[in-house]
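The values are calculated or read from the model by the stated rules, or taken from the named source; none is laboratory data. For clarity, every value in this text was computed on a predicted model and none was experimentally measured. Backbone-built Cβ (ideal geometry, glycine too); neighbour counts: all protein chains shown.
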Amino acid sequence: MTRPGKRTFLMLMLVSLAFGVKSYLALWTFTEDGISLGSLKTPYWDFLNLWFGSELAVSGQVGLLFDPDAYRAAMRALFGAALPDHEWSYPPSMLLVGAPLSVLPLPVAYVVWTLGGAISLYAALSCLGTIPPVVRLLVVLSPVVLQNAFFGQNGAFTAALMIAALALAPKRPLLAGLFAGLLTLKPHLGILIPVAWLAAGHWRAILSAASVSALLFAATGLLFGFSVWAEFRAVTTPLMVSILEAPFPQPYHTQAMTVFIALRALGGSLMVAYGAQIAAALIAIALTWRIWRAGPALMPYTDRIILTALLALVATPYGYSYDGAAIALAAAWLAISRKLGLAPRLVLWIAWLFPVFILSMMFQIYGFFVLIPVALAALIGFVPQTSAAYGSSPGHSTR
């Protein structure tokens with residue numbers, strides 16, 4: 001790394017760590033009611049749902065997950081009457097992840113979850129032989145990954161699963177299928193994987209993913225009762241749709257990063273917002289098919305993986321800033337693999353730091369941070385790699 005590159009790396013690390021320290025100080029500062037000043041909930045934020053919901057399921061009270069009023073009452077009985085509303089929002093198979101965590105004390109489980117996500121992401125990035133260790137570190141310590149930890153969310157895990165699934169498909173298809181199957185725990189973030197694999201002809205990976213998904217379905221039913229799937233369809237799915245379609249604006253819209261929310265912010269009706277989101281998803285699907293069907297003749301393997309991860313953020317109507325680890329990856333990768341002018345590098349700087357900007361601008365630009373993955377996707381698609389780009393592609397098309 002050149003001396004200017006080292007200075008830039010150090011500056012970004014310092015900004016990111018300062019952002020993380022500031023966020024965590026607020027997260028662990030409490031009101032008189034024991035509510036976090038940073039989250040206005042508990043300091044474990046969304047992780048509390050995974051831990052508490054899984055504890056209920058393990059103790060034989062899985063039905064409470066599908067009774068929002070009873071679920072909230074049970075949570076307030078344990079964490080205080082001032083606790084704002086929570087709801088179980090995951091597919092029932094997520095209980096397979098939460099069950100072992102629920103036997104741990106909540107603070108310990110939170111640390112295991114948070115560190116596990118960061119380690120998993122770093123390991124997934126190592127599957128891309130073109131990504132040097134310094135860039136992996138730049139991604140794992142980026143503001144978006146720190147924000148994911150701040151929210152107690154699963155964005156680091158889901159990004160790791162998607163990257164590993166796409167990277168390993170050519171040479172280790174069964175393992176790639178395992179990772180893709182696990183991503184059905186949050187399926188809207190993995191919707192482009194089957195498109196990429198169908199285009200590239202990774203049939204063994206597809207069969208592996210389908211088998212893992214079926215096993216997750218069966219294991220969840222055997223452990224917690226197959227009725228959980230009917231309850232998920234009857235209760236959880238409509239609940240999440242109602243949250244998505246709630247009158248605009250809502251507090252959680254400040255972290256939204258989708259075409260759907262951007263159109264709502266512009267005053268568009270639900271029909272207009274859905275129409276724009278469907279159009280964006282179809283474009284993302286078409287581009288994904290194109291780059292994987294054409295293979296390395298069109299685009300190097302690492303570029304295809306990162307571009308697909310970015311397009312997944314554009315395709316879903318239900319995406320938030322903490323799901324954007326691919327943004328930090330794309331920004332760091334473009335910085336080392338392209339010769340760019342001042343304006344594109346400014347885009348990269350904004351992209352890498354975008355969670356910092358959300359805090360100060362969130363009430364003015366609901367949803368419009370979806371333009372960041374769009375801009376990065378355009379840079380990957382239209383600006384070729386330099387001859388000094390690191391290493392060789394981690395795989396090749398087996399179509």
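Among helices (runs of 4 or more DSSP H) lying entirely in the stretch 175-286, which contain 3 or more residues that are modelled with pLDDT of 95 or more and in contact with a helix residue (DSSP H, G or I) (Cβ under 9 Å, 6 or more places away or on another chain)?
In the stretch 175-286, 193-200, 203-224, 227-231 are the helices (runs of 4 or more DSSP H) which contain 3 or more residues that are modelled with pLDDT of 95 or more and in contact with a helix residue (DSSP H, G or I) (Cβ under 9 Å, 6 or more places away or on another chain).
Filtering the stretch 319-333 down to residues that are assigned to a helix (DSSP H, G or I) and aromatic (Phe, Trp, Tyr), which residue is surrounded by the most Cβ atoms within 10 Å (Cβ to Cβ)?
Among those that are assigned to a helix (DSSP H, G or I) and aromatic (Phe, Trp, Tyr), it is Trp333.
Just checking, which of Leu104, Leu115, Leu146, Leu95 is free of Cβ contacts under 8 Å to residues at least 12 places away in the same chain, in contact with a helix residue (DSSP H, G or I) (Cβ under 7 Å, 6 or more places away or on another chain) and under 19 Å from Tyr44 (Cα atoms)?
Leu104
Among the residues of the stretch 134-171, which ones are of a type in the set (Phe, Trp, Tyr) and farther than 15 Å from Ala312 by Cβ?
Keep residues of the stretch 134-171 that are of a type in the set (Phe, Trp, Tyr), which gives 150-151, 157.
Those that are of a type in the set (Phe, Trp, Tyr) and farther than 15 Å from Ala312 by Cβ: Phe150, Phe151.
What residue, of Ile372, Ile350, Ile380, is modelled with pLDDT of 90 or more, farther than 25 Å from Ala294 by Cβ and either assigned to a helix (DSSP H, G or I) or of a type in the set (Lys, Arg) (or both)?
Ile372
So in the stretch 45-82, with the set limited to residues that are under 25 Å from the mean Cα position of the chain (by Cα) and outside any helix (DSSP H, G or I), which one is modelled with the highest pLDDT?
Asp46
Would you call Ala57 in contact (Cβ under 8 Å) with a residue 40 or more places away in the chain and farther than 22 Å from Asn154 by Cα?
Here the answer is no, as Ala57 does not meet what is asked.
Across the stretch 194-240, what is the total count of residues that are closer than 20 Å to Glu55 by Cβ and over 24 Å from the mean Cα position of the chain (by Cα)?
Residues flagged as closer than 20 Å to Glu55 by Cβ and over 24 Å from the mean Cα position of the chain (by Cα) within the stretch 194-240 amount to 9.
Which of the numbered conditions does Pro170 fail, given that it passes all the others? Conditions: (1) of a type outside the set (Asp, Glu); (2) touching a Ser or Thr at 6+ places or on another chain (Cβ under 9 Å); (3) in a helix (DSSP H, G or I).
Going through the list (1) of a type outside the set (Asp, Glu); (2) touching a Ser or Thr at 6+ places or on another chain (Cβ under 9 Å); (3) in a helix (DSSP H, G or I), Pro170 breaks only (3).
Given the residues Leu182, Leu166, Leu207, which is the only one that is in contact (Cβ under 8 Å) with a residue 12 or more places away in the chain, surrounded by fewer than 23 Cβ atoms within 10 Å (Cβ to Cβ) and farther than 27 Å from Ala70 by Cα?
Leu207
I'd like to know if the stretch 71-92 contains one or more residues that are surrounded by 12 or more Cβ atoms within 10 Å (Cβ to Cβ), polar (S, T, N, Q) and in contact (Cβ under 8 Å) with a residue 24 or more places away in the chain.
yes
Taking the stretch 121-149 only, how many residues are polar (S, T, N, Q) and assigned to a helix (DSSP H, G or I)?
Residues of the stretch 121-149 that are polar (S, T, N, Q), as a first pass: 126, 130, 142, 147-148.
So of that shortlist, the ones also assigned to a helix (DSSP H, G or I) come out as 147-148.
Qualifying residue count, the stretch 121-149: 2.
May I ask you to say which residue of Leu17, Leu40 is within 30 Å of Ala351 (Cβ to Cβ), within 24 Å of the chain's Cα centre (by Cα), part of a loop (DSSP other than H, G, I, E, B) and of a type in the set (A, V, I, L, M, F, W, C)? Don't jump to the end; show me each part of the working.
On the way: Leu17 fails: part of a loop (DSSP other than H, G, I, E, B).
Sole residue among the options that is within 30 Å of Ala351 (Cβ to Cβ), within 24 Å of the chain's Cα centre (by Cα), part of a loop (DSSP other than H, G, I, E, B) and of a type in the set (A, V, I, L, M, F, W, C): Leu40.
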